1. Please indicate, with yes or no, whether at least one residue in the stretch 169-179 is surrounded by fewer than 21 Cβ atoms within 10 Å (Cβ to Cβ), in a helix (DSSP H, G or I), out of contact with any Phe, Trp or Tyr (no Cβ under 7 Å at 6 or more places or on another chain) and at pLDDT below 95.
2. Return the residues of the stretch 3-33 that are part of a helix (DSSP H, G or I), touching a residue at least 60 places away in the same chain (Cβ under 8 Å) and open to solvent by 20 Å² or more (accessible area, probe 1.4 Å); say none if nothing qualifies.
3. Check whether at least one residue in the stretch 180-190 is of a type in the set (Lys, Arg) and closer than 16 Å to Leu141 by Cβ, and report yes or no.
4. Residues Thr62, Thr66: which one is under 23 Å from Ile256 (Cβ atoms), open to solvent by 20 Å² or more (accessible area, probe 1.4 Å) and touching a residue at least 12 places away in the same chain (Cβ under 8 Å)?
5. Are any residues in the stretch 36-50 closer than 29 Å to Phe241 by Cβ and either at pLDDT 90 or above or among the polar types (S, T, N, Q) (or both), and if so, which ones?
6. Which of the residues belonging to the stretch 180-222 are among the hydroxyl-bearing types (Ser, Thr, Tyr) and either open to solvent by 70 Å² or more (accessible area, probe 1.4 Å) or not in a loop (DSSP other than H, G, I, E, B) (or both)?
7. Looking for something farther than 30 Å from Glu59 by Cβ and under 14 Å from the mean Cα position of the chain (by Cα) - is there at least one such residue anywhere in the stretch 173-193?
Amino acid sequence: MFGYITISEPELKVKDLRKYKAYYCGLCRTLKERYGSLGQLTLSYDMTFSVILLTSLYESETQHSTHRCKVHPVKKQDMLQNEFTEYAADMNMILTYYHMKDDWIDEKKVSGFAGTYALRGRVKKIIRNYPRQSCVIQKELKELSEYEKEGSADIDKTAGCFGRLMAELFVYKEDQWEQRLRRMGFFLGKFIYLMDAYEDLDKDLKEGCYNPLKELRQKEDYEERCKEMLCMMIAECSAQFEGLPCLLDVDILRNILYDGVWTRYRKIQEQKKKSEDKSHDEKSI
């Protein structure tokens, strides 16, 4: 479900692109240092965004280093790490743990059991360190799973679960910025959930899997309503962001919120157009 909150490379200055990649690589390295190769598999653009946002808001001291890795074995890569890379890495592992646990409980997936077993010891420590976030993540994922079992078509309810989950992750500490960060995370979480459902709909229909957009898909104005919902969520998220005193890396953050978040949407539209053109050509023949 993650991977939608990324940059728009053509619209970003070279220096900002390098810095964004340094944050991304820094999170990757932190995941490896704290949780090994399994941790690196949870790396996402969405959590990279949270690192940059919180670093900008709290103006945290950030360490720069260069390292080689499996993906870049020849040239050393710039990496930026701070307290928020560690926080994002911990949140990633909690999310992964509860997601795998649900996979095992609900669908008896062997991968879910194996992942839960492998992570249990490490994640217990994180849960003790972040009881507020852990409690909400577990609660919202469980509620979302129940809605999915029911086959709920109430998009506001299902997306709301993921919204509340993201809201809690954005609140690093309960201070004067808590409510604005919480609202920002809530709308961004709903955007991510809706975009994921929108992207997966055709596949879910073919495989008979749950998707909250199945009923809406029957409406003639389906595409317009989906875009309208997505625009509404990201607009509310961006409005909350503009109320935060972020100066550091603000160009990167705005690039993501005003353009980058639509990268996958544009790709989906391109794929749909190609599919429609191909179908039209086949009918013509």
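1. No - not one qualifying residue is present in the stretch 169-179.
2. The answer is Glu11, Arg18, Lys19.
3. yes
4. Numbers: Thr66 fails: under 23 Å from Ile256 (Cβ atoms).
Answer to the check: Thr62.
5. Residues satisfying the conditions are Gln40, Thr42, Leu43, Ser44, Tyr45, Asp46, Met47, Thr48, Phe49, Ser50.
6. Once the filter is applied, which keeps residues that are among the hydroxyl-bearing types (Ser, Thr, Tyr) and either open to solvent by 70 Å² or more (accessible area, probe 1.4 Å) or not in a loop (DSSP other than H, G, I, E, B) (or both), the stretch 180-222 yields Tyr193, Tyr198, Tyr222.
7. In the first step, residues of the stretch 173-193 are kept if they are farther than 30 Å from Glu59 by Cβ; the result is 193.
Still in the list and also under 14 Å from the mean Cα position of the chain (by Cα): 193.
Within the stretch 173-193, one or more residues are farther than 30 Å from Glu59 by Cβ and under 14 Å from the mean Cα position of the chain (by Cα).
The values are calculated or read from the model by the stated rules, or taken from the named source; none is laboratory data. Everything numeric in this text was worked out from a predicted model, so none of it was measured. Virtual Cβ from ideal backbone geometry, glycine too; neighbours counted across all protein chains shown. For accessibility, only protein heavy atoms count, side chains too; no ligands or nucleic acids. Shrake-Rupley method; radii C 1.70, N 1.55, O 1.52, S 1.80 Å.
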